[in-house]
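**Q** One structure is given below, represented as structure tokens, and several questions about it will come after.
The values are calculated or read from the model by the stated rules, or taken from the named source; none is laboratory data. Just so it is clear, the structure is predicted and the values come from calculations on it, not from any experiment. Counting neighbours? That spans all protein chains shown, and the Cβs are built from the backbone with ideal geometry, glycine included. Side chains included, ligands, DNA and RNA excluded: accessible areas come from the protein's heavy atoms. Shrake-Rupley method; radii C 1.70, N 1.55, O 1.52, S 1.80 Å.
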Amino acid sequence: MASKHVRFTFEPDQVKQPVIYQLGHEFQVVTSIRMAAVDNSIGWVVLEIEGEPDEIERSIAWAQAQGVRVDDPTLGDVVEG
Amino acid sequence: MSFEQALRCRECGREYPLAPIFSCEYCFGPLEVAYDYDGIRAAVTRDSIERGPTSIWRYEALLPCDPAYKVDIGTGFTPLIKADRLAKAIGLDTLWIKNDTTNPTWSFKDRVVSVAIARARQFGFTAMACASTGNLANSVSAHAAAAGMEAYVFIPQDLEEGKVVGSAVYSPNLVMVDGNYDDVNRLCTELAYAHPWAFVNINVRPFYAEGSRTLAYEVAEQLGWRTPQRVVAPMASGSLFTKIYKGFQELHKVGLIDEPIVHMSGAQPEGCSPIATAFANHTLNFVPQKPNTIARSLAIGNPADGYYALKVMEETEGSAEMASDDEIVAGVKLLAETEGIFAETAGGTTIACLQKLVASGAIRRDEETVAFITGGGLKTIEAVQGKLIEPLRVTPNMASFESAVAARDGALAAGGR
Ligand SMILES: Cc1ncc(COP(=O)(O)O)c(C=O)c1O
Ligand SMILES: [Zn+2]
């Protein structure tokens, strides 16, 4: 078992989709929400995803394919000026 | 003597020992250094600081590292210039320019890197690392060279020549990554977990970021131990912007200035404006962007401190503004022509946004304002090349000179410039 921390950002048209529910349904992973916010129909959540490493990566790739942006939860972009 | 006490989560407040870590195990919030402010208050006075070295190290009591480990190549205590000609041009009564182009590698990054490398040495690291489009790479390369440490510097493939040379001259391990911006990001995050390096903006980020507070300390001291009414500063990750405000608040906390009443305004390029866009939309949740701007030093599409920068604007009744590429170039030229300071595109962004904020009334004419110019222009000559005056071409005799001047003046009069 492994765990990975990610930040999902949802654009307005994705906020209403049950992406996190489906993630746990379609893949052998357990998600727990550590922080989240939604306003003006923009939303993000910081998640811990637990499961086998390959399964975690597959689930993240699936989320990206749904149009969700996936980032490291703390760092943002590390390529600075 | 250092008064750092612990690392504290900015979200949930949990504390951690002083170590090369950057995120809270519980909520993944960012960690920030906590200090013993009573100890600092007892240890420093205006006098003791004024007697210190003319560098950031005059504020060593406020820095999160043992100064015995410092690598001092002359960073900080840069000029604060009264910018009367620029003030007049844009319609302000009192404007100051904090000119951080005079640092050893010509940008404010020398402040953050100075603190990061001192703390890294104190932790026992023997190699520094960073990922950068220029300024940070230059500064890490220079400081590591001066310390005799190894440096791993990752750069994207399509950089301006001046920025590559500005790192290469110090002979770091210079790695140009063949991939897009997101690829470089992902690679560097993976490398940071896999190698025993002090990656300045990853595992030692809490310490690194603190270096920017020295900009606020210097400005307050240079104004005679007080704050201005308005600050305009550039934003990429938003770290510099939030730390300037924190610096003013801390000076008050340790008894060196009165309670600061300062409005904080942030500047971003239109082509990478996640923070300024969120401000315009009245939200604290920015949407990450794909950068496309000539201000490459400000091209952070997913800013780690974007949320905190927006909080600072909210708390200080501040604002954000954005400038187009053309406005950025005009800003570089205006600053050069009025004040004799050649800034890079981040400085052009700051001046252009300052001008727009004054024009829109977001900054009142009578607000005493400090604009932070954070990087020098010779690194981004590509941005202004072809958009400047052309030299008069003459043959080596007086008559040729006089007729060339007359021809130019005639053309100017006819064309109205
Ligand atoms: C010249 C210059 N100004 C401003 C910034 C913005 O810094 P921050 O990421 O702290 O917002 C940078 C960062 O790369 C820079 O190089
Ligand atoms: Zn926390």
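**Q** Could you give me D for chain A, from Stokes-Einstein at 4 °C and 1.567 mPa s, where the hydrodynamic radius is the Kirkwood radius over C-alpha pairs? Units µm² s⁻¹, please.
**A** 100
**Q** So what's the back-of-envelope 222 nm ellipticity for chain A, counting only DSSP H runs of four-plus at -39500 (n - 2.57) apiece and dividing by all residues, rounded to 500?
**A** Per the formula, -7500 deg cm²/dmol.
**Q** If you don't mind, there's one more thing I want to ask. Mean shadow of the range B:202-276, computed from the convex hull of its alpha carbons, in nm²?
**A** For the range B:202-276, the mean projected area of the Cα convex hull comes to 5.5 nm².
**Q** Quick one: accessible surface of residue B:109, probe radius 1.4 Å, all protein chains present, in square angstrom to the nearest 10.
**A** Rounded to the nearest 10, that gives 20 Å².
**Q** Among A:68, A:37, A:20, pick out the residue whose Cα is farthest towards the positive end of the charge dipole of the range A:2-71, where Lys and Arg carry +1 and Asp and Glu carry -1 on C-beta, about the Cα centre.
**A** A:37
**Q** Packing-wise, with mean Cβ within 10 Å as the measure, how do B:281-294, A:33-46 rank, highest first?
**A** Descending packing order for the listed peptides: B:281-294, A:33-46.
**Q** Treating only the Cβ atoms of Lys and Arg (+1) and Asp and Glu (-1) as charged, compute the dipole magnitude of the range B:1-147 about its Cα centre; round to the nearest 20 debye.
**A** Numbers: 16 positive and 16 negative charges, 81 e Å.
It works out to roughly 380 debye.
**Q** Moving on. What is the average number of partner chain Cβ atoms found within 10 Å of a Cβ in B:137-150?
**A** Per residue, the number of nearby Cβ atoms from other chains is 0 on average.
**Q** Looking at the protein assembly as shown, what % of its DSSP beta bridges pair antiparallel, to the nearest 5?
**A** So the antiparallel bridges in the protein assembly as shown amount to around 55 percent.
**Q** In chain B, with Lys and Arg counted as +1 and Asp and Glu as -1 at Cβ, which of these residues, B:256, B:236, B:286, has the Cα nearest the positive end of the dipole, that is, farthest along it?
**A** B:256
**Q** Would you mind telling me which residue in B:62, B:388, B:174 has the biggest mean-square fluctuation in a Gaussian network model of chain B, where springs connect alpha carbons within a distance under 10 angstrom?
**A** Result for chain B, Cα springs under 10 Å: B:388 fluctuates most.
**Q** Moving to a separate point now. Give the average, rounded to an integer, of partner chain Cβ atoms located within 10 angstrom of each Cβ in A:1-13.
**A** 1
**Q** If you put +1 on each Lys and Arg Cβ and -1 on each Asp and Glu Cβ, how big is the dipole of the protein assembly as shown around its Cα centre, in Debye rounded to 20?
**A** Result for the protein assembly as shown is approximately 940 debye, rounded to the nearest 20.
**Q** Quick one: net charge around residue B:379, please, counting Lys, Arg +1 and Asp, Glu -1 for every other residue with C-beta under 9 Å from its C-beta.
**A** So the surrounding residues net to -1.
**Q** Continuing with the same structure: Total accessible area buried between chains A and B, 1.4 Å probe, in Å² to the nearest 100?
**A** 2800
**Q** Which whole number in µm²/s is D for the range B:234-381 by Stokes-Einstein, with the Kirkwood Rh taken over Cα pairs at 20 °C and 1.002 mPa s?
**A** Estimated via Stokes-Einstein, D reaches 139 µm²/s.
**Q** To the nearest whole number, what is the average tally of beta carbon atoms from other chains within 10 Å of the beta carbons of peptide A:63-75?
**A** Averaged over the peptide's residues, the number is 4.
**Q** A further question follows. With springs connecting C-alpha atoms under 10 Å apart, model chain B as a Gaussian network and identify which of B:166, B:331, B:52 has the largest mean-square fluctuation.
**A** Largest GNM mean-square fluctuation: B:52.
**Q** Taking the range B:147-273 as the region of interest, what is the percent of Cα-Cα pairs per 5 angstrom bin, listed from the shortest bin to the one with the maximum distance?
**A** 2, 9, 14, 15, 16, 15, 11, 10, 7, 1, 0
**Q** May I ask for the net charge around residue B:118, where only other residues with Cβ less than 12 Å from the Cβ of residue B:118 are counted and Lys, Arg are +1 while Asp, Glu are -1?
**A** -1
**Q** May I pose another question? So what is the 222 nm mean residue ellipticity for chain B from helices alone, if each DSSP H run of at least 4 adds -39500 (n - 2.57) and you divide by all residues, rounding to the nearest 500 deg cm²/dmol?
**A** -12000 deg cm²/dmol
**Q** Just the ratio, please: alpha-carbon radius of gyration of chain B over 2.2 N^0.38 Å, N its number of residues.
**A** 1.00
**Q** Please sort B:75-85, B:392-402, B:195-205 by packing, taking for each peptide the average over its residues of neighbouring beta carbons within 10 angstrom, highest first. It would help to have the intermediate numbers written out before the result.
**A** Numbers: B:75-85: 19.3, B:392-402: 9.8, B:195-205: 24.0.
Per-residue Cβ counts within 10 Å, averaged per peptide and sorted highest first, yield B:195-205, B:75-85, B:392-402.
**Q** In debye, nearest 20: dipole of chain B around its Cα centre with unit charges on the Cβ of K, R (+) and D, E (-)?
**A** It comes to approximately 280 debye.
**Q** OK, next. Residue A:62: net charge of surrounding residues, Cβ under 13 Å, Lys/Arg +1, Asp/Glu -1, itself excluded?
**A** -3
**Q** Here's a follow-up. Pop a pseudo-label 7 angstrom from the Cα along the beta-carbon direction at both residue B:411 and residue B:69 and give the gap in nm to one decimal.
**A** With each label point 7 Å from Cα toward Cβ, the separation is 5.9 nm.
**Q** Of the listed peptides B:156-163, B:212-219, what is their order by residue-averaged count of other C-beta atoms within 10 Å, with the highest listed first?
**A** Going from most to least packed, we get B:212-219, B:156-163.
**Q** Still on this structure, I have one more. Which residues in the range A:59-80 place their backbone N less than 14 Å from a point set 7 Å from the Cα of residue B:281 along the Cα-to-Cβ direction?
**A** A:69
**Q** Work out the charge dipole of the protein assembly as shown with +1 on the Cβ of Lys and Arg and -1 on the Cβ of Asp and Glu about the Cα centre, then indicate which of B:128, B:40, B:115 is farthest towards its positive end.
**A** Of the candidates, B:40 comes out farthest on the positive side.
**Q** Still on this structure, I have one more. Considering the Cα trace of the protein assembly as shown, what is its radius of gyration and what is Dmax, both in angstroms?
**A** Calculated on Cα positions, Rg and Dmax stand at 23.5, 86 Å.
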